[in-house]
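Colleague: Have a look at this one.
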Amino acid sequence: MKPRTTVLRCASAALVAACALLLGTLAPTAAAATVPTAAGPTAAPVLTGPQLAASWAGPLSTRGRYVVDANGDRFKLKSGNWAGAQGTWQGSGDVRDPANHQARQLSNNIPLGLDRTPIARILADFHTMGLNSVRLPFANALVHDTAAVPDAAVAANPQLRGKTPLQVMDAVVAALTADGFAVILNNHTTSYRFCCGLDGNERWNSGQSTQQWIDDWVFLAKRYQDNKRVVGADLRNEVRRDTWNDANWGWGDDHDLNQALEDAGNRILQADPDLLIVMEGINWQGIPTDLTSHWRPMLTPVATLSNTLIRSDKLVYSAHFYGYTGPRHTGATGTGETHDPRYEELTPDQLAQAVDEEALFVTRTGQHFTAPVWISEFGAAGRGPADARERTWFDTFTDILVRNDTDFAIWPLVGWSDSTGTPQDNWAMVNYTADGTRLGVMDTGDWRAADWNKLIDAPARSGPVADGPRWNMLNLDHYDANLSATMLARPDWSSGNRKGTCPDTQRLAGLGRSDSRGLCTDAGRPAKGTGAWTTVTDERYVTHGDWASGYNKLQCPDNTFAVGYSVNRNAMSALLCAPAATALPLTGRNVWFDSGDNRPAGGGSTGSDWAPGFYKGQCADNEYLAGVAYTWKWNHGGVPDALLCRPLN
């Protein structure tokens with residue numbers, strides 16, 4: 001989000017050629033320097049391009065609440081948003097007139113600043129800020145735009161003349177990654193219109209189909225898959241209500257963001273299994289009047305309905321916070337404004353509670369939702385008339401990020417200054433005049449400098465991060481949840497039924513009684529063998545005694561363990577069993593959950609509810625699920641009543 005006048009912010013071969021084109025124009029960055037503040041330079045060193053490039057290796061993945069590099073070392077995202085390629089036109093008037101663009105900055109649908117500053121200088125300034133990564137917003141329109149950008153749009157980078165917006169983005173990506181930065185692509189808008197409220201970009205499928213949106217992402221994933229410093233796909237920016245409908249989280253219709261994100265993420269990972277998949281929650285639901293229901297859900301729904309990918313180490317959640325918005329405040333002044341408090345009106349304790357409830361709770365360890373949280377947008381106006389509440393909020397909010405060792409990306413990085421040197425967008429971290437003169441947070445007079453340096457230099461977890469166990473949901477509420485890459489490559493294993501299969505690194509650990517949800521884990525990591533996977537639909541494999549007399553039973557063959565299940569309505573239909581690499585114990589215990597929850601006292605996502613409102617059964621972390629018992633007796637309806645849990649060793 002940016003100015004207070006907004007309502008709701010929705011703040012390959014081609015790559016090799018672009019890199020070759022740019023490397024000849026890149027000047028060496030300065031030696032390790034210090035970051036000047038309003039009070040003078042600090043002592044904290046920043047990394048040059050070669051130093052940053054040598055400090056980490058792609059691709060990135062996740063371990064618990066942390067992002068890690070290819071060596072398993074913590075890679076804290078210290079990022080900024082290089083905006084422009086999402087479009088800057090505000091929706092009315094001549095698109096060629098800068099007066100009709102955000103902050104009078106006509107981006108020509110490419111990253112801002114390329115008309116006035118050589119890209120090598122821009123990147124050197126990014127290094128001086130202490131960044132290690134860049135969020136790069138783009139519009140779907142950019143993917144399909146075949147018109148060359150005007151020469152004036154790249155006046156300071158003439159090597160980019162005649163390029164389309166996508167080709168310019170190729171060149172920017174190549175330059176950033178060659179200089180050591182990690183790049184996360186962000187689908188910000190559908191059209192080039194910027195921004196907010198009812199602008200046609202409210203949902204991923206506003207102005208385009210869900211299939212087209214996913215196809216564009218797959219296209220980009222393949223385009224950059226050879227560049228391991230293109231580390232992530234930030235699937236959609238600030239999904240919000242359109243004129244008639246809210247997006248939802250889990251309803252199973254064409255406004256279901258939970259399902260859309262999961263479908264897109266898994267398609268992307270099939271194209272490029274190395275990318276992080278970044279999912280942002282719903283930014284706004286409801287009609288913003290004092291008489292109607294409205295709120296900013298953010299990641300709150302993840303507590304009971306999280307996402308699972310075919311690569312369980314690739315999910316990152318994100319959220320946005322701005323002082324002039326609030327948990328139930330759109331950020332508007334006047335039309336669209338309610339009397340709910342803004343974030344900047346909350347006490348420090350209230351703000352910390354709101355940030356935790358809307359985002360940071362996701363970083364709690366050992367839950368079905370545990371993942372890194374990236375605050376991929378926040379910001380404030382650093383120059384011009386002082387706003388005391390905004391300054392206090394920014395200081396308090398950055399304290400929260402420091403205290404929680406949170407990954408972050410400030411909005412925005414680059415803006416324009418007018419002919420007098422005054423920033424046109426005083427939120428930008430660095431502004432350039434038409435002749436390239438710089439005025440940024442690293443220069444005297446920007447009050448944000450102290451808070452920014454506090455954030456960049458904060459003590460943080462570093463070094464190797466142990467690869468601990470994970471727990472992930474299977475959500476069969478409305479559709480299949482086939483999350484095994486192995487099974488996705490094979491024919492339908494339970495035709496006509498809704499199916500859930502765990503990611504290939506995990507096994508089935510628990511089931512909900514009447515809602516068809518399941519829980520997967522890799523705790524104990526039993527290795528899979530090379531034999532056939534078995535679909536079990538009857539009792540032929542029930543051996544070593546009748547462990548649930550009077551009940552129907554689905555039991556895996558000896559030395560196999562359950563990795564999936566299918567249901568008809570919510571009644572059990574089949575178990576999917578994978579072979580173990582070594583023999584497994586065949587003794588076990590019954591876990592009955594027909595009359596209440598039966599979950600282990602510790603471990604295994606026991607501090608969160610993965611099937612809210614329904615009884616759940618769950619094997620312990622050192623057990624494997626070998627069978628499910630159910631009955632068609634009165635009031636049971638074939639739903640799971642008991643699990644057969646056996647020790648892993």
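The values are calculated or read from the model by the stated rules, or taken from the named source; none is laboratory data. Quantities reported herein were computed from a predicted structural model and do not represent experimental measurements. Note that each Cβ is placed from the backbone with ideal geometry, even for glycine, and that neighbours are counted across all protein chains shown. The area values use the complete protein model at the heavy-atom level, side chains included, leaving out ligands, DNA and RNA. Shrake-Rupley method; radii C 1.70, N 1.55, O 1.52, S 1.80 Å.
Colleague: Cβ contacts < 8 Å: first residue within 22 Å of LEU439 (Cβ to Cβ), restricted to region 373-387; second residue outside any loop (DSSP other than H, G, I, E, B) and of a type in the set (Asp, Glu), any location; separation 6+ or different chain. Result?
Modeller: Listed by first residue and then by second, the contacts come to ALA380/GLU390; ALA381/GLU390.
Colleague: Contact list please: Cβ distance under 6 Å, first residue in region 139-161 and over 26 Å from ALA120 (Cβ atoms), second residue in a helix (DSSP H, G or I), pairs at least six apart or on different chains.
Modeller: So the pair list comes out as ASN140/ASP216; VAL143/ASP216.
Colleague: Suppose we filter region 517-535 for residues that are modelled with pLDDT under 95 and either over 25 Å from TYR615 (Cβ atoms) or surrounded by 24 or more Cβ atoms within 10 Å (Cβ to Cβ) (or both); how many remain?
Modeller: Looking only at that region, the number is 8.
Colleague: Which pairs turn up if I take residues in region 533-554 that are under 15 Å from ALA629 (Cβ atoms) and look for partners that are surrounded by 16 or more Cβ atoms within 10 Å (Cβ to Cβ) and among the aromatic types (Phe, Trp, Tyr) with beta carbon separation below 7 Å, at least 6 apart in sequence or on another chain?
Modeller: TYR551/TYR630; ASN552/TYR630
Colleague: Still on this model: Within region 202-211, is even one residue in a helix (DSSP H, G or I) and closer than 30 Å to ALA489 by Cβ?
Modeller: Yes, the conditions are met somewhere in region 202-211.
Colleague: Would you call PRO640 within 17 Å of CYS502 (Cβ to Cβ) and modelled with pLDDT of 95 or more?
Modeller: Answer is yes for this residue.
Colleague: Related question: If I filter region 184-213 down to residues being hydrophobic (A, V, I, L, M, F, W, C) and open to solvent by 10 Å² or more (accessible area, probe 1.4 Å), which single residue comes out as farthest from TRP82 (Cα to Cα)?
Modeller: Among them, the one singled out is LEU198.
Colleague: Return the pair list, or none, for Cβ contacts closer than 8 Å from residues in region 319-343 that are under 20 Å from PRO412 (Cα atoms) to residues that are of a type in the set (S, T, N, Q) and surrounded by fewer than 22 Cβ atoms within 10 Å (Cβ to Cβ), at least 6 apart or on different chains.
Modeller: Listed pairs, sorted by first residue: THR330/THR338.
Colleague: What are the residues in region 212-232 that are in a loop (DSSP other than H, G, I, E, B) and either in contact with a Leu (Cβ under 6 Å, 6 or more places away or on another chain) or of a type outside the set (D, E, K, R) (or both), if any?
Modeller: Correct list: TYR224, GLN225, ASN227.
Colleague: Now for a different question. Restricting the search to region 609-647, which residues are surrounded by fewer than 20 Cβ atoms within 10 Å (Cβ to Cβ), closer than 30 Å to PHE361 by Cβ and of a type outside the set (Asp, Glu)?
Modeller: Of everything in region 609-647, those that are surrounded by fewer than 20 Cβ atoms within 10 Å (Cβ to Cβ), closer than 30 Å to PHE361 by Cβ and of a type outside the set (Asp, Glu) turn out to be PRO612, GLY613, PHE614, ASN622.
Colleague: Right, another one. Mind checking which residues of region 149-170 are open to solvent by 50 Å² or more (accessible area, probe 1.4 Å) and either part of a helix (DSSP H, G or I) or more than 27 Å from THR437 (Cα to Cα) (or both)?
Modeller: ASP151, ALA152, PRO158, GLN167
Colleague: In addition: Somewhere in region 264-273, is a residue in contact with a Pro (Cβ under 9 Å, 6 or more places away or on another chain) and among the polar types (S, T, N, Q)?
Modeller: For region 264-273, residues in contact with a Pro (Cβ under 9 Å, 6 or more places away or on another chain) and among the polar types (S, T, N, Q): absent.
Colleague: Just give me the residues in region 74-119 being surrounded by fewer than 19 Cβ atoms within 10 Å (Cβ to Cβ), among the aliphatic types (A, V, I, L, M) and out of contact with any strand residue (DSSP E or B) (no Cβ under 7 Å at 6 or more places or on another chain), in sequence order.
Modeller: ALA99
Colleague: Is it the case that region 494-504 has a residue that's surrounded by fewer than 18 Cβ atoms within 10 Å (Cβ to Cβ), in a loop (DSSP other than H, G, I, E, B) and of a type outside the set (Lys, Arg)?
Modeller: yes
Colleague: What is the residue count in region 233-265 for residues that are surrounded by fewer than 22 Cβ atoms within 10 Å (Cβ to Cβ) and either polar (S, T, N, Q) or assigned to a helix (DSSP H, G or I) (or both)?
Modeller: Count: 4.
Colleague: Here's another thing I want to ask about it. Collect the residues in region 125-148 that are over 24 Å from the mean Cα position of the chain (by Cα), aliphatic (A, V, I, L, M) and assigned to a helix (DSSP H, G or I), keeping them in residue-number order.
Modeller: Of everything in region 125-148, nothing turns out to be over 24 Å from the mean Cα position of the chain (by Cα), aliphatic (A, V, I, L, M) and assigned to a helix (DSSP H, G or I).
Colleague: Look at GLN270 and say whether it is over 23 Å from ALA481 (Cα atoms), of a type outside the set (A, V, I, L, M), open to solvent by 40 Å² or more (accessible area, probe 1.4 Å) and more than 16 Å from the chain's Cα centre (by Cα).
Modeller: Answer is no for this residue.
Colleague: Only one of (1) farther than 19 Å from CYS195 by Cβ; (2) open to solvent by less than 10 Å² (accessible area, probe 1.4 Å) is not met by GLY384, so which one is it?
Modeller: For GLY384, the failing item is (2).
Colleague: Are there any strands (runs of 3 or more DSSP E) wholly within region 549-645 with 1 or more residues that are among the polar types (S, T, N, Q), and if so which?
Modeller: Qualifying strands (runs of 3 or more DSSP E): 552-555, 560-568, 571-579, 589-592, 616-618.
Colleague: If only one of THR370, THR365, THR308, THR338 is part of a loop (DSSP other than H, G, I, E, B), on the phi < 0 side of the Ramachandran plot and modelled with pLDDT under 95, which one is it?
Modeller: After applying the criteria, what remains is THR338.
Colleague: For a quick check of your reading: which strands (runs of 3 or more DSSP E) sit entirely within region 396-489 and have at least 1 residues that are open to solvent by 40 Å² or more (accessible area, probe 1.4 Å) and within 25 Å of VAL46 (Cα to Cα)?
Modeller: Of the strands (runs of 3 or more DSSP E) lying wholly inside region 396-489, those with at least 1 residues that are open to solvent by 40 Å² or more (accessible area, probe 1.4 Å) and within 25 Å of VAL46 (Cα to Cα) span 438-440.
Colleague: Hey, does region 387-398 have a residue that's under 22 Å from VAL67 (Cβ atoms) and modelled with pLDDT of 95 or more?
Modeller: Looking for residues that are under 22 Å from VAL67 (Cβ atoms) and modelled with pLDDT of 95 or more, one finds at least one in region 387-398, hence yes.
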